[in-house]
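One structure is given here, and the rest of the page talks about it.
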Amino acid sequence: MEKKKMRILELYSGIGGMHYAAELANVGAEVVFSVDINTSANAVYRHNFKQTNQQARNIESLSAKEINKLQPDIIMMSPPCQPFTRVGLKLDVEDSRCSSFLHLLDILPHLETVSFILMENVVGFETSEMRNAFTKALKNCDFHFREFILSPESIKIPNSRSRYYLVAKKCTDFLFGSENDIMTSFPNSSCDIEMPVQEKTLDPYLEKDMSDEELARYLLTDKTLLKYWRILDVRRTSDTSSCCFTKAYTHYAEGTGSVLQHDPNEPFHQKFAEFKEDEDIAHLKPLKLRYFTPREVGNLMGFPAEFTFPENTSLKTRYRLLGNSLNVLVVSNLLRILLG
Ligand code: SAH
């Protein structure tokens, strides 16, 4: 007899990073219901997961009764928690971005079928009031939990994206770690997800044979070069790392993600060293500095080749949605650990 599939409730689903992670983990769990309030994220989600019951809803409108009817075994979620990380709980509560998560904590004791939770958040959450409220609610409901701060670099992906993760399961405890420690690597022998790419450089993640027309869309403008050449994080195809791509990538120059030297043959350091401020930026032109394309950012974040955006999604929106999403391989490993 075939084993019954575990049912996943995906909250704050965005473009479906959690959904891809569940598929990749291949643990016999499927997303049965997914909820997000953002229209453009939902359009991308539905474009890729036509079969999934995806709802444009405020999570605050979900009742325990409604969730119980769906009979989920697992909740996977990335609540928007920027506000939790900076200020205390009092202000958090007044922030509309946090109230849905507090609502979930309220209804948690009434969820009858949920035995596993996987949560992703920003670094800083671990010291917030919200984290304490969350772990307290979990303990009250007989969940055991483990916390992690992990970056894809730890599984040899050339992209940094340190994120906080919490996995929790009901009644049974984990065989590793403790509730007093935050783990900064995967527990031993748990990383058995097959890597799509074996090499550690950026090269295999990059689009090949880009046409001149395509390239022109991604080249940094003269204005950007002139203003920001000092602070750009420039990477070459042979490099083994890149900075975290955020939702403001291509809109703010500082700290939002790396740019690529498209022409690998030009002597980059020399070009920059020789560059004088009053000089014409024509000097930097041969490097062909460009942004990573959304597809390349998606590759580094573990989105499979079949993931696409609807044609009418603007470039800015693509970067924003990817920047809000997560590393699929890291979450996939965590889900295996949680269910293993
Ligand atoms: N993991 C997702 C991204 C999560 S970002 C991915 O892979 O893309 C946080 C998401 O929470 C955003 O898409 C935002 O639209 C959604 N969100 C924030 N508050 C919400 C609420 N109250 N109800 C439903 N969705 C909400």
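For the stretch 335-340, putting each phi into the Karplus relation 6.51 cos²θ - 1.76 cosθ + 1.60 with θ = phi - 60° gives couplings of 5, 5, 4, 5, 8, x Hz, in residue order, rounded to whole numbers and with x for Gly and Pro. Averaging Cα coordinates gives a centre for the stretch 222-262 and one for the stretch 99-120; these two points are 38 Å apart.
Amide H contacts of residue 244: 160, each under 5 Å away and 5 or more positions distant or on a separate chain (H built 1.01 Å from N in the peptide plane; Pro and chain starts excluded).
To check you understand DSSP bridge types, tell me what percent of the beta bridges within the chain (both residues inside) are antiparallel, rounded to 5. Taking every DSSP beta bridge within the chain, about 45 percent pair in antiparallel fashion.
Each Lys and Arg adds +1 at its Cβ and each Asp and Glu adds -1 at its Cβ; summed about the Cα centre, the chain shows a dipole of about 600 debye.
Extending 7 Å from Cα along the Cβ direction at residue 312 and again at residue 56 yields two label points whose distance is 1.1 nm. In this structure, the residue pairs whose Cα-Cα separation is over 20 Å, taken from 227/288; 5/139; 4/50, are 5/139; 4/50.
Put simply, the amide H of residue 259, placed in the peptide plane, has neighbours under 5 Å in 233, 234, 235, leaving out anything fewer than 5 places away on its chain.
Computed from the coordinates by the stated procedures, all read-outs in this text should not be read as laboratory data. Worth saying up front: this structure is predicted, and the values here are computed from it rather than measured. Neighbour counts are summed over all protein chains in view; Cβ atoms, including those assigned to glycine, are modelled from backbone coordinates with ideal geometry.
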